[in-house]
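All remarks here apply to the structure that follows.
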Amino acid sequence: MLAERTNAGHLTIVNEGETVQLYGWVQTRRDHGGVIFVDLRDRSGIVQVVFNPDMAGNGFDEAEKIRTEYVISLEGKVRKRPQGSENPNMKTGEIEVVAVNLTILNKAKTPPFYIQDNVDVDESVRLKYRYLDLRRPEMQNIFIIRHKVMQIVRNFLDKQDFLEIETPMLTKSSPEGARDYLVPSRVNQGNFYALPQSPQLFKQLLMVAGLEKYFQITRCFRDEDLRADRQPEFTQIDLEMSFVEMDDILPLMEEMVAKVFLEITGTKIALPFLRLSYQDAMERFGSDKPDTRFGLELIDVADVVKNAGFKVFADVIAKGGRVKGICAKGCAGMPRREIDALTNYVNIYGAKGLAYIVLGEDGIKSPILKFFTEDEIKNLIATMGGETGDILFFVADKESVVHNALGNLRLELAKRLNLIRDDIINCLWVIGFPLLEYDEEEKRYVAIHHPFTSPMDDDLNILDTEPLKARAKAYDMVMNGMELGGGSIRIHRRDTQEKMFQLLGLSPEEVKDKFGYLLDAFEYGTPPHGGIAFGLDRLIMILAMRDNIRDVIAFPKTQSASCLLTQAPSQVSPGQLKDLSIKLDIKAK
RNA sequence: GGCCCCGUGGUGUAGUGGUUAACAUGCCUGCCUGUCACGCAGGAGAUCGUCGGUUCAAAUCCGAUCGGGGUCGCCA
């Protein structure tokens, strides 16, 4: 039966005269009393079916019972539509299928929303009825893209001699990185597995094992707060190679990503990608994932203001902070309330204020004008590249705040000024990340990438003296201002890895308990190795032009990490808890 | 944990203290042989997220709470 099935959406005039067998859902029904039109939808598309009263048996009576989303099957004959009744808006609009019989395979309740593209319905309703949401062609298209991307990647890596190897989902909790999802062990009471944040250590062990090239398209779990581009479980394209350096990995990954774009969207991405140092990325764009599709770069004005009369700026410089600005071209006419809104915007990122100078046609206006001499102002404007018609924005604070605030202001300005071209794919690498940063809360160094990232060879000797200056053999792929993937050359020697743990403030006992197996493995002939992992969901977001990660995951969680369809997470029975020796201690609200 | 936005028939919206809560669409019934967002006629459908408060009177004002979204912190 199914072998004879015809794809509704593929029918064209060349099928004229053919007898076809259709199976699908009723998109719409137009009952004219004497003739009934049904748009039948399957995964391939939609075709118009005509039911006439003269069809055999009780077929027409059945057709009158049809309602939206009923599941039907029918045999019919493809014919050219009568002249003047063609529908140019439909792919199959030149033809129609005249039904000779009809079977209603299943009735359907009226769906809570239209099964069609561009529905305007609350997302929580879509998520509760996700199986209906996924019936919509635009959603199906996303998962077709997703499937194809996985095929392209698998095929590409297979041809490059990578082996797809699975790693455990029930694994060991580790103290570094994100919060783990924990799974209690029944067999080992009181002990817990963790779901993997990534297969990091297993893939390194596969390199120790001599598999040389590994990849996996695998689920990762992080128990952190959700965002528009972050889900608690997400999918990584994860890979690792032995006997490689950065310059082996980057071009290969560029090729892979370019191939995906070429095959999915036809977009040709220029190779090789720009490589930007972390230092430059932060200085020029205030971000380690810069969107370089537009200008509005950050400009350092410390030299101009450090000795000037404006104490707020000068003091920040004196205390080791930074003063930087952005020149917003042609924005001198910006109303005061919008400037205030931007001030509130940078406040979010910790900036205490947003200074500005308006270079208007009728002169220079600024609340801070009075603190500068005429020469200083001239100098400041020149340094910023300001011209009449522009507005200059400044933030003075410690470096991290200045970069974060201005980096985000830059994006916000670009959005408001409509400077971001969405027809361009902007790819680059950020390299030369610092190895470590200081965590004020934990009062210790933490790894910027992760603790298994190798320091640059040149910086090995400063690990003890100036650890914050050490750079890592790490690299991030950035696409349209989104961090799409990141990786590094790993540490493959026990002594270096131990040194790293020591810098991170882990006690020898903790190291032995949490990572002893890795250190032991490193003693049995570990090849130099490195790899990378891509966020598949984010890649699909870009390919499918979605700004929401939930749209590219079949059954996503809400912001409060629950599933509106299954109502997970939910309570479990006392018996289940007893099996695990778990007692709840929920604080009363 | 903080800040911001949203919650009214199935769905999308209107309604900012006072009649029977309005409109569109969907749904149901009838009519209709060329529609394709078919059309025409009629009908049903809402304890205005929940709880509490203010008031003679609350969808509307206040508080709490629940749910959804964005975001900071958090997270590669």
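A few points about this structure:
- Some residue of the range A:272-279 being surrounded by 14 or more Cβ atoms within 10 Å (Cβ to Cβ), under 22 Å from the mean Cα position of the chain (by Cα), of a type in the set (Phe, Trp, Tyr) and closer than 30 Å to A:LYS159 by Cβ: yes
- Among (1) surrounded by fewer than 17 Cβ atoms within 10 Å (Cβ to Cβ); (2) acidic (Asp, Glu); (3) closer than 30 Å to A:ARG546 by Cα, the one test that A:ASP161 misses: (3)
- Inspection of the range A:1-8 finds a residue satisfying the criterion of being touching an Asp or Glu at 6+ places or on another chain (Cβ under 9 Å), open to solvent by less than 80 Å² (accessible area, probe 1.4 Å) and part of a strand (DSSP E or B).
- Selection count where residues are closer than 25 Å to A:TYR445 by Cα and aliphatic (A, V, I, L, M), scope the range A:155-191: 1
- Residues of the range A:156-169 include at least one that is under 22 Å from A:MET541 (Cβ atoms), modelled with pLDDT of 95 or more and not in a loop (DSSP other than H, G, I, E, B).
- The residue pairs whose first member lies in the range A:109-133 and is touching a residue at least 24 places away in the same chain (Cβ under 8 Å), whose second member is within 9 Å of RNA strand B (Cβ to nearest atom) and open to solvent by 70 Å² or more (accessible area, probe 1.4 Å), and whose beta carbons are closer than 8 Å, counting only pairs six or more residues apart or on different chains, are A:THR110/A:ARG67.
- Of all residue pairs spaced 6 or more apart or on separate chains, those with beta-carbon atoms under 7 Å, a first member in the range A:181-210 that is touching a residue at least 24 places away in the same chain (Cβ under 8 Å) and a second member that is of a type in the set (D, E, K, R) and in a helix (DSSP H, G or I) are A:ARG186/A:ASP579.
- Test set (1) within 30 Å of A:ILE549 (Cβ to Cβ); (2) surrounded by 15 or more Cβ atoms within 10 Å (Cβ to Cβ) - A:LEU463 fails condition number: (1)
- Cβ-Cβ under 6 Å pairs, at least 6 apart or on other chains, the range A:347-373 side free of Cβ contacts under 8 Å to residues at least 40 places away in the same chain, far side open to solvent by 20 Å² or more (accessible area, probe 1.4 Å) and of a type in the set (D, E, K, R): A:VAL358/A:LYS365
- The lone criterion from (1) at pLDDT 95 or above; (2) over 28 Å from the mean Cα position of the chain (by Cα); (3) within 14 Å of RNA strand B (Cβ to nearest atom) left unmet by A:GLU442 is number (1).
- For the range A:49-57, the criterion of being in contact with a strand residue (DSSP E or B) (Cβ under 9 Å, 6 or more places away or on another chain), more than 20 Å from A:ARG81 (Cβ to Cβ) and in contact (Cβ under 8 Å) with a residue 12 or more places away in the chain is met by at least one residue.
- The numbered conditions (1) at pLDDT 95 or above; (2) open to solvent by less than 70 Å² (accessible area, probe 1.4 Å); (3) of a type outside the set (Val, Ile, Thr) are all true for A:ALA314 except (1).
- Selection count where residues are crowded, with 18+ Cβ neighbours inside 10 Å and not in a strand (DSSP E or B), scope the range A:35-68: 6
So that you can scan it fast, the table gives a plain yes or no per residue for (1) touching a strand residue (DSSP E or B) at 6+ places or on another chain (Cβ under 7 Å); (2) surrounded by fewer than 21 Cβ atoms within 10 Å (Cβ to Cβ); (3) modelled with pLDDT of 95 or more; (4) closer than 13 Å to A:PRO196 by Cα:
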{"site": "A:TYR214", "(1), (2), (3), (4)": "yes, no, yes, no"}
{"site": "A:ARG219", "(1), (2), (3), (4)": "yes, yes, yes, yes"}
{"site": "A:ARG222", "(1), (2), (3), (4)": "no, yes, yes, yes"}
{"site": "A:LEU226", "(1), (2), (3), (4)": "no, yes, yes, no"}
{"site": "A:ARG230", "(1), (2), (3), (4)": "no, yes, yes, no"}
{"site": "A:LEU239", "(1), (2), (3), (4)": "yes, no, yes, no"}
{"site": "A:GLU245", "(1), (2), (3), (4)": "yes, yes, yes, no"}
{"site": "A:LEU250", "(1), (2), (3), (4)": "yes, yes, yes, no"}
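- Residue pairs meeting the criteria (Cβ under 8 Å; at least 6 apart or on separate chains; first touching a residue at least 40 places away in the same chain (Cβ under 8 Å) and over 28 Å from A:PHE501 (Cβ atoms), in the range A:417-444; second open to solvent by 20 Å² or more (accessible area, probe 1.4 Å) and within 13 Å of RNA strand B (Cβ to nearest atom)): A:ASN426/A:GLY481
- So A:LEU132, is it out of contact with any Leu (no Cβ under 8 Å at 6 or more places or on another chain) and either open to solvent by less than 40 Å² (accessible area, probe 1.4 Å) or within 30 Å of A:ILE553 (Cβ to Cβ) (or both): yes
- Long-range neighbours under 9 Å by Cβ, at least six apart or interchain, first residue on the phi > 0 side of the Ramachandran plot within the range A:63-92, second away from RNA strand B (no atom under 11 Å from the Cβ) and open to solvent by 50 Å² or more (accessible area, probe 1.4 Å): A:GLU69/A:TRP25; A:GLU69/A:ARG135
The values are calculated or read from the model by the stated rules, or taken from the named source; none is laboratory data. Owing to the predicted nature of the structure, the values given are computational and were not obtained by experimental measurement. Positions of Cβ are generated from backbone atoms using ideal geometry, with glycine treated the same way; all protein chains shown enter the neighbour counts. Side chains included, ligands, DNA and RNA excluded: accessible areas come from the protein's heavy atoms. Shrake-Rupley method; radii C 1.70, N 1.55, O 1.52, S 1.80 Å.
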